[in-house]
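Right, one structure below, let's go through it.
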Amino acid sequence: MTSQSRIGTGAGISVQALESLRATLNGDLLNNQDPGYDEARSVWNAMIDRRPAHIVQPRTTADIAAAVSFARDQQLPLSIKGGGHNIAGLAVCDDGLMIDCSLMRSVSVDESTSGVRVQPGAVWGDVDQVTQPYGLAVPSGIISTTGVAGLTLGGGFGWTTRKWGHTADHLRSVEIVTADGQIRRASETENADLFWAVQGGGGNFGVVTEFEFEARRIGPTIAGGLVLYPMDEAPEVVRFFREFSQAASEDLTTLLVLRIAPPAPFLPEEVHGKPVAGIAAMYAGDPDQGMESLAPLKAFGSPLADTISPKEYAIHQSFLDSGQPHGRRYYWKSEYLPDVPSELGSKMLDHCAKFTSPHSSMLCMRLGGAAKRNQSGHGAVSHRSAEYVVAIQGAWEDPATDDEHIGWVRSFHQEVRPYSTGGTYVNFLTEEEGADRIQDAYEPEIYQRLAGIKAIYDSENLFRMNKNIKPAG
Ligand SMILES: Cc1cc2nc3c(=O)[nH]c(=O)nc-3n(C[C@H](O)[C@H](O)[C@H](O)COP(=O)(O)OP(=O)(O)OC[C@H]3O[C@@H](n4cnc5c(N)ncnc54)[C@H](O)[C@@H]3O)c2cc1C
């Protein structure tokens, strides 16, 4: 094989330039003829099928700095892949350079300071696996295969947000490669503007090469699980969810789930394939107190199944993974809500009686608590006063049926929109949702400040394969 055919010169880059990049890397440089190319460019959402001209798989921060400088100097579109879980799939670019961080997944704990350092390709399951033996966890999302990088940079909420605040609130510092190829640290005392911006402003400001978090003490055992009810009890379930979630202490987080029952062994066979309503919950504290707090939920209605029990925190963190596998086609819409009034509940149930796919679902999570209290001084995370977040999640397999499932999500969303705070979560925006919706994801003064910081660190908008904040001016 000649050097020319092995390297490929996609995007018109010279062989010499590519060889010179390769020579500086500890990691790998792939093109479309290399084994591993298709795996590297694949992401969780199978709707995304882009083909970068070149993929750098770094092993070190220096590799990332070299890749950023290369993309800038060669004027290549640049995209960054963390866990590859974002619905919009902006981790992958066409005809440009993609930095795929999947070879950098290490996590380390400093028990004396409860500090946790995480590399940019790690997923939350990697973090829980390393921190739980110390009785520690970094507050994260509800699916263990989601990437640390994208979730943290967009804010991040999950089972412990009501108690401790967003994931981004737990950052102590980051190491970041900015558009000029410089490696910087950012914290409250060093490049404080940049630090504020990466706490919610997404991947707009550089490639984060290390996240340093403050972990919280939790586990190994917590109380949590899921109670599922038949659809004919759903109106009462939605009402109960509202009352129970509003009365709950900040230790307790609840999630309303409307979906088609999977063929799970814990469910009676006669409900497989039928719509069901569920309430998932976790108590972030003493498991006995947790079971006491969850007693009203366990006593409510006539459940089809009840998995709430004392269990390992790490197991709870991954118990919903199987419902969101890698490689299906996905399309979402999401809103922040101030409340779940009964007429909204009825609309949710109407749409969930008409699921177009057995894999689609609607999730509505209670927020509030610490997420709401941490109003200022905690970075660019916006819409903290929202009490709930709703996600309408279309999921299916056959590309020929895209329109049908996308149509279901859109018409459902139209019904939910009037009940929104007007805000949405940046990490749940799809590819098509552009400048207006990105602005909806931030409060106006936060957006303006982000645009100003973008102008300082990335005035040419090198980092634009993301929910893009244009440089001010
Ligand atoms: C099934 C599922 C469940 C989810 N659950 C939750 C949840 O419970 N809570 C929650 O808050 N969110 C949740 N999310 C949303 C999630 O936070 C976002 O999808 C997030 O972007 C995923 O991060 P990632 O690293 O896996 O994504 P990627 O697709 O790899 O990256 C997303 C974007 O982040 C940027 N980026 C990635 N790595 C870096 C880096 N090192 N430096 C700079 N920029 C970078 C890039 O712009 C990239 O396009 C969920 C998503 C899915 C698909």
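Size descriptors for the chain: radius of gyration and Dmax over Cα atoms are 22.2, 70 Å.
Spherically averaged projected area of the convex hull of Cα atoms, the range 185-276: 10.4 nm².
Just from its helices, what would the mean residue ellipticity at 222 nm be for the chain, if runs of 4 or more DSSP H residues each count -39500 (n - 2.57) and the sum is divided by every residue, rounded to the nearest 500 deg cm²/dmol?
Values: 17 runs with 141 residues, N = 473.
Counting only the DSSP helices, I get -8000 deg cm²/dmol.
Computed from Cα positions, the angle between helix 444-457 and the longest principal axis of the chain comes to roughly 20 degrees. Distance distribution P(r), the range 3-102, all Cα-Cα pairs, bin width 10 angstrom from 0: 17, 54, 26, 3 percent. Within the same chain, lysines fewer than 8 places from Lys298 are excluded, and of the rest, those with a Cα less than 27 Å from its Cα are Lys163, Lys274, Lys311, Lys347. For the chain, find the longest principal axis of its Cα atoms and tell me its angle to the long axis of helix 15-24, 0 to 90°, nearest 10. Computed tilt is about 70 degrees. The three principal axes of the Cα atoms in the range 64-103 give end-to-end lengths of 29, 21, 10 Å, sorted in falling order.
Mind checking which lysines have their C-alpha under 30 Å from Lys470, skipping anything on the same chain fewer than 8 residues away? Result set, ordered by chain and number: Lys81, Lys333, Lys372, Lys454. Can you tell me the 0 to 90 degree angle between the C-alpha axis of helix 342-352 and the longest principal axis of the chain, rounded to 10? Orientation of helix 342-352: about 70 degrees from the principal axis. Just so you know, the Cα atoms of the range 221-428 work out to an Rg and Dmax of 16.8, 52 Å. Put simply, the convex hull of the Cα atoms in the range 182-221 casts, on average, a shadow of 4.0 nm².
Ordering 217-225, 121-129, 295-303 by mean Cβ neighbour count within 10 Å, with the highest value first, yields 121-129, 217-225, 295-303.
The protection proxy used here, the mean number of other Cβ atoms lying within 10 Å of each residue, ranks peptides 356-363, 232-239 as follows, highest first: 356-363, 232-239. Packing-based ranking of 409-422, 305-318, 132-145 yields 132-145, 305-318, 409-422, ordered from highest to lowest mean Cβ neighbour count within 10 Å.
With both residues required to sit in the chain, DSSP beta bridges show an antiparallel share near 90%.
Every number in this text was worked out from the coordinates using simple rules, so none of it is lab data. Owing to the predicted nature of the structure, the values given are computational and were not obtained by experimental measurement. Neighbour counts run over all protein chains shown; Cβ positions are idealised from the backbone, glycine included.
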